[in-house]
């Protein structure tokens, strides 16, 4: 045990004197793993498109994957008529205990195969978004993901990076990659998230969080 000194007491005094910032946390702050692109979509049209699904389909059109996580597939393999739970989630990696040994979970998904837009949503603003993104980037699975309030997902990494387009959010909706945490405002902006790093989505707010999430089908990390 180290000797007790006054150093920690002196340090504590300086910690208490410094007032924490409670305003900037409502805004976006970039890091090497989270960037805002110049590309932007119409947030009103995005919300109309989501709201139309909510009104017209059973259970809001979302498939529940458990633990407060819900998804809608906007793209699929050409000719596919059914999707599996693995299509909606896919391969990810986790460290589950203090050994810090990494374990793969679920089967690897070949993102580049998901090149066809889901015909259920043809003519919607989602189709326009998919077309515009596909002009610029190799787009794999494109999904609408919803997180329930007071909820988070696992601390994990994916084989490929993702694009996020927040549609409905709240000040307690945060995204963490490695050591960086930030809010992504829902104003039509497109955010690059390097989910090849360890990450998680947190919804600490009182409303559901809904994002479009598009996998970037660059060569994946396979181990």
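Give the dimensionless ratio obtained when the Cα radius of gyration of the chain is divided by 2.2 N^0.38 Å.
Relative to the 2.2 N^0.38 Å estimate, the chain comes out at 1.15.
Could you work out the equivalent-ellipsoid semi-axes for the range 63-122, taking the square root of 5 times each eigenvalue of the Cα gyration tensor, largest first, in whole Å?
They are 28, 14, 8 Å, listed from largest to smallest.
Sort the range 126-223 into rounded, prolate or oblate with this rule: let a ≥ b ≥ c be the square roots of the eigenvalues of the Cα gyration tensor; rounded if a/c is under 1.5, and if a/c is not under 1.5, prolate when a/b is larger than b/c, oblate otherwise.
In terms of gyration-tensor shape, oblate.
Angle between the Cα long axis of helix 125-136 and the longest principal axis of the chain, 0 to 90 degrees, nearest 10?
80 degrees
Counting pairs of Cα atoms in the range 1-48, how many percent are more than 17 Å apart?
Counting pairs separated by more than 17 Å, the tail of P(r) holds 69 percent.
Between the range 33-50 and the range 155-223, what's the alpha-carbon centroid distance in Å?
Centre-to-centre distance over Cα atoms comes out at 13 Å.
Over the chain, what is the mean sequence separation of C-alpha contacts under 8 Å (at least six apart), divided by residue count, expressed as relative contact order in percent?
26 percent
Apply the a/c threshold of 1.5 to the C-alpha gyration tensor of the range 172-211 and tell me whether it is rounded, prolate or oblate.
oblate
With the Cα gyration tensor of the range 29-113 giving a ≥ b ≥ c as the square roots of its eigenvalues, does the rule (a/c under 1.5 for rounded; else a/b larger than b/c for prolate; else oblate) give rounded, prolate or oblate?
Oblate.
If eta is 1.002 mPa s and T is 20 °C, what Stokes-Einstein diffusion coefficient results for the range 115-182, Kirkwood Rh from Cα pairs, in µm²/s?
148 µm²/s
Based on DSSP H runs of at least 4 residues, each adding -39500 (n - 2.57), what is the mean residue ellipticity at 222 nm of the chain after dividing by all its residues, to the nearest 500 deg cm²/dmol?
Dividing the helical sum by the residues of the chain leaves -5500 deg cm²/dmol.
Read the figures in this text as sums done on the coordinates, not as results from a lab. Values in this document were obtained by computation on a predicted structure and should not be read as measured data.
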